[in-house]
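Read through the structure below, which is laid out as structure tokens, and then see the notes.
The values are calculated or read from the model by the stated rules, or taken from the named source; none is laboratory data. Keep in mind that what you see is a predicted model, and the values were worked out from it rather than measured. Note: ideal-geometry Cβ built from the backbone for every residue, glycine included; neighbour counts use all protein chains shown.
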Amino acid sequence: MEGAGDAGVASTLEARTNRETTLMSDAEFEQYLRSSHAEAARSFDRTLLTLAGGALGLSVTFFVGQDPRPSSGHGWLLAGWLTLVVCLVALAVSHWTSEQAFWLLLNERDSEANRWRSWVGRLNSGALVAVTVGLACLAVFAWLNV
């Protein structure tokens, strides 16, 4: 099964291969790579947002409506919810820091923009780890209570 990232890499490789035959200039190829990278970043953010928000919403809806009997592993449930919320907050802050970096670049303040851009990568990495841990915690909780 080919994922969205795989398709982007395949189309980039195809463009690189076709570059010599289509007479794509270096500037055009660079622009193509930049737009492909921007689309991949948007897709990554949307995927994490969908996973974290969906898992949080479904689990809250399902588990809150359940019988309030004591069940095992409430810590796993709470840890899952907490890390999914951390993921959503990291994505929101990442978006904001990205906007700040763009604003600084537009105003030709490159050194300040680079600091903001480095935080975008850190926050996105943290969001990926948080959604993975959150989903794993919810899976453990569900497994303990089946």
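Here's the yes/no breakdown for (1) touching a residue at least 40 places away in the same chain (Cβ under 8 Å); (2) among the small types (G, A, S):
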position: W103; (1), (2): no, no
position: E108; (1), (2): no, no
position: S111; (1), (2): no, yes
position: R115; (1), (2): no, no
position: R122; (1), (2): no, no
position: A127; (1), (2): yes, yes
position: L135; (1), (2): yes, no
position: L144; (1), (2): yes, no
**OP:** Please go through the stretch 132-146 and pick out each residue that is modelled with pLDDT of 90 or more and surrounded by 17 or more Cβ atoms within 10 Å (Cβ to Cβ).
**Re:** V133, G134, L135, C137, L138
Subject >> In the stretch 70-83, the residues that are among the small types (G, A, S) and surrounded by fewer than 18 Cβ atoms within 10 Å (Cβ to Cβ) >> reply: S71, S72, G73, G75
Subject >> Residue check, T83 within 24 Å of F44 (Cβ to Cβ), touching a residue at least 40 places away in the same chain (Cβ under 8 Å) and hydroxyl-bearing (S, T, Y) >> reply: yes
Original post:
Limited to the stretch 96-115, what total is found for residues that are surrounded by fewer than 15 Cβ atoms within 10 Å (Cβ to Cβ) and assigned to a helix (DSSP H, G or I)?
Top reply: 10
**OP:** Using the structure shown, decide if L48 is at pLDDT 80 or above, under 18 Å from the mean Cα position of the chain (by Cα) and either more than 19 Å from G121 (Cβ to Cβ) or surrounded by 11 or more Cβ atoms within 10 Å (Cβ to Cβ) (or both).
**Re:** yes
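Residues checked against (1) surrounded by 16 or more Cβ atoms within 10 Å (Cβ to Cβ); (2) touching a strand residue (DSSP E or B) at 6+ places or on another chain (Cβ under 8 Å); (3) of a type in the set (G, A, S); (4) not in a loop (DSSP other than H, G, I, E, B):
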site	(1), (2), (3), (4)
S36	no, no, yes, yes
R42	no, no, no, yes
V85	no, no, no, yes
A90	yes, no, yes, yes
S94	yes, no, yes, yes
R117	yes, no, no, yes
N124	yes, no, no, yes
A127	yes, no, yes, yes
A130	yes, no, yes, yes
Original post:
What are the residues in the stretch 23-34 that are polar (S, T, N, Q) and not in a helix (DSSP H, G or I), if any?
Top reply: S25
Original post:
How many residues are at pLDDT 60 or above, within 30 Å of A92 (Cα to Cα) and surrounded by 13 or more Cβ atoms within 10 Å (Cβ to Cβ) if we restrict to the stretch 1-32?
Top reply: 1
